[in-house]
Amino acid sequence: MANKNKLINQKRLRRKIRARAKISGTTARPRFSVFLSNHYSYGQLIDDEKGNTLISVSSREIKKKESKTSLSHAIGELIAKRAKEIGIKKIIFDRGNYKYHGRAKAIAESARKGGLEF
């Protein structure tokens, strides 16, 4: 069992390195980083040149009792709304070590619907 978990973690790390090698956020086009835990989902807009977080959103902020996927849709909409308020229209999506489906895909699609360009 421990060997299986080790292999899974190695795959995740390789996927993360492969995804991040091509991605870097700027002030004009920040990186939209997604983190998914077992209970919550998080999204951040990060300026890698300056090394600071511009916007962060969590499913903890949303006071609804819904499924994790529907909360992910709300996170994408909220991040798009806050990004528009500070004048950000274009971003680079960073899925991290997650495959582009499920909650990661829900966050990305709802951010696109909210007006952000990837």
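Here, each number is a calculation from the coordinates, and none is a lab measurement. Everything numeric here is computed off the predicted structure, so don't read it as measured data. Please note: Cβ atoms are built from the backbone with ideal geometry, for glycine as well, and neighbour counts cover all protein chains shown.
Quick notes on this structure:
- Of the trypsin sites (Lys or Arg not before Pro) found in region 19-104, those in coil by DSSP whose Cβ has at most 13 other Cβ atoms within 10 Å are K22, K50, R60, K63, K64, K65, K89, K99.
- Largest GNM mean-square fluctuation among I23, I107, I91, using the chain with Cα springs under 10 Å: I23.
- Hypothetical label at D48: residues of region 75-118 whose amide nitrogen lies under 14 Å (7 Å Cα-Cβ projection): 91-97
- Using a Gaussian network model of the chain in which every pair of alpha carbons under 10 angstrom is joined by a spring, one finds that among A108, A21, A83 the greatest mean-square fluctuation is at A21.
- The ranking of F118, F35 from fewest to most other beta carbons within 10 Å of each one's beta carbon is F118, F35.
- Most mobile listed residue (A80, A106, A19) in the chain, GNM with C-alpha springs under 10 Å: A19
- Residues whose amide H falls under 5 Å from that of S41, counting only those 5 or more places apart or on a different chain, are S59, R60, with hydrogens built in the peptide plane.
- Cut-off 20 Å, label 7 Å out along Cα→Cβ of Y40, residues of region 73-90 by amide N: 73-83
- Of the residues I79, I62, the one with the fewest other Cβ atoms within 10 Å heads the list, and the complete ranking is I62, I79.
- Helix 103-113 vs. the chain, principal-axis angle (Cα, 0 to 90°, nearest 10): 20
- More than 19 Å apart - percent of Cα-Cα pairs taken over region 27-90: 30
- For Cα extents along the principal axes in Å, the candidate list reads (i) 48, 37, 21; (ii) 46, 31, 20; (iii) 94, 25, 18; the entry that matches the value derived from this model is (i).
- Amide H contacts for I55 (H built 1.01 Å from N in the peptide plane; partners 5 or more residues away or on another chain; cut-off under 5 Å): L45.
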